[in-house]
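Novice: Before I ask anything, let me first share the structure, which is written out below as structure tokens.
The values are calculated or read from the model by the stated rules, or taken from the named source; none is laboratory data. Please read all numbers here as calculations on a predicted model, not as lab measurements. Neighbour counts run over all protein chains shown; Cβ positions are idealised from the backbone, glycine included. Note: areas computed on protein heavy atoms with side chains; ligands, DNA, RNA excluded. Shrake-Rupley method; radii C 1.70, N 1.55, O 1.52, S 1.80 Å.
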Amino acid sequence: MYRKFVNQFIEVIDGWTQAVGHACCAALMDHGIDCPHHSLRLELQRSGARSRLIAILLACVAMLQPNALFADMIPVRHTEGLIHGFLVVRTLEGKAIADGQMTQDARGDRVTTHLIFRFKDGSIYEDTTIFSQRGTFRLLSDRLILRGPSFKQPMDTSINTSTGQIKVRYTEAKGKEKVIAQRMELPPDVANGLLLTLMKDIKPSVPRTTVSMVATTPKPRVVKLAIIPRGEEPFTIGRFHHKAMHFAVKVEIGGLTGFVARLMGKQPADTHVWVLGGEAPAFVKAEGPLYVGGPIWRIQLASAGIF
């Protein structure tokens, strides 16, 4: 892809320099100067400018490579164990659109997390994540199912980090089902299905933490997530007053794709997560899209019903 882009850019440069050459010759002839006498000097000037432009382009492309974005393995500061929590999804205006629950079970250093949201329109968001916590958190497998009218494109994505196998089953706008199956060289810090877990172990004193994520559009692509602390914010639960650390999670797309996305205003929206710190950290709230290009929704703890 980069070679094709460079070749196209060089063709454009050649067109520019050729046009400049013709314009210069026309101007010289208007002043009574014979253009062929200056052709060698003009060609050298064109060649030098062309070389400088190509050098600048190649340097920019090298800087835009995905490998230029560093990532971090998150140390296990708080061992994950048994969890059963209840959540609700709301619009930013406060309208409840889905109910959810998360269960987690640990067998030794192997942890399985299951998160499901059931939407009022019948849609389902279901994510099953298996990871290890031997010194650092490491994803083993993840399966995410998006189904129903709340999602622009129904999708079933599975990731196996030990083999690098990624499978995406999706439905096109016309209703035709397609499957993408490919192997990718996945970095060890892939965080699909792990974000809310990792947020509890990231030190707020670290100005920037970076992890990887496999994004599907539906074609799989590895992007970076930059997690940046924004400071503490107060909140209350009944008569209890607490402070939660606010983190901003920014998607960073490497290479020319990321450059074009920023240029065209297609940069993915940030996700914001609030975490209660201390000896027993806990998730408080999140605001962001549940899928690529999706609306901003709020996920927060649900209150118990009357029984």
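Novice: What's the local net charge at Thr197, with K and R +1, D and E -1, over the other residues with C-beta under 14 Å away? All intermediate terms of the calculation are to be shown ahead of the outcome.
Specialist: On the way: positive: Arg77, Arg110, Arg138, Lys200; negative: Glu80, Asp105, Asp109, Asp127, Asp142, Asp189, Asp201.
The answer is -3.
Novice: Something else: Protein chains only, probe 1.4 Å: how do Arg107, Arg118, Arg169 rank by accessible area, largest first? Please report the intermediate quantities before stating the final value.
Specialist: Working: Arg107 170, Arg118 145, Arg169 85 Å².
So the residues, ranked largest to smallest area, are Arg107, Arg118, Arg169.
Novice: Then there is this: Report the Cα centroid-to-centroid distance between segment 133-178 and segment 72-111 in angstrom, as an integer.
Specialist: Going from one Cα centre to the other spans 18 Å.
Novice: Taking 27 Å as the cut-off for C-alpha to C-alpha distance, list the pairs among Lys152/Lys250; Lys152/Lys224; Lys120/Lys243; Lys95/Lys219; Lys95/Lys250 that go past it. Mind dumping the intermediate values first?
Specialist: On the way: Lys152/Lys250 22 Å; Lys152/Lys224 23 Å; Lys120/Lys243 32 Å; Lys95/Lys219 32 Å; Lys95/Lys250 25 Å.
The pairs that break the limit, which is 27 Å between Cα atoms, are Lys120/Lys243; Lys95/Lys219.
Novice: Can you give me the solvent accessible area of Asp127 with a 1.4 Å probe, rounded to the nearest 10 Å²?
Specialist: Number for this one is 20 Å².
Novice: When only the heavy atoms of the protein chains count and the probe is 1.4 Å, how do His246, His78, His241, His84 rank by accessible area, highest first?
Specialist: Details: His246 20, His78 45, His241 145, His84 110 Å².
Ranked list, largest accessible area first: His241, His84, His78, His246.
Novice: Less than 12 Å Cβ to Cβ from Lys120, Lys/Arg counted +1 and Asp/Glu -1: what total charge do the surrounding residues give? Walk me through the intermediate numbers first.
Specialist: Numbers: positive: Arg90, Lys95, Arg118; negative: Asp99, Asp121.
Overall, the nearby charge balance is +1.
Novice: Order Thr217, Thr103 by their accessible area, 1.4 angstrom probe, all chains in place, largest first.
Specialist: Per-residue accessible area, sorted high to low, gives Thr217, Thr103.
Novice: Then there is this: Calculate, for segment 121-259, the solvent-accessible area per residue in square angstrom, rolling a 1.4 angstrom probe over the heavy atoms of the protein chains. Numbers along the way, then the final one.
Specialist: Numbers: 6980 Å² over 139 residues.
Heavy-atom SASA per residue in segment 121-259 reads 50 Å².
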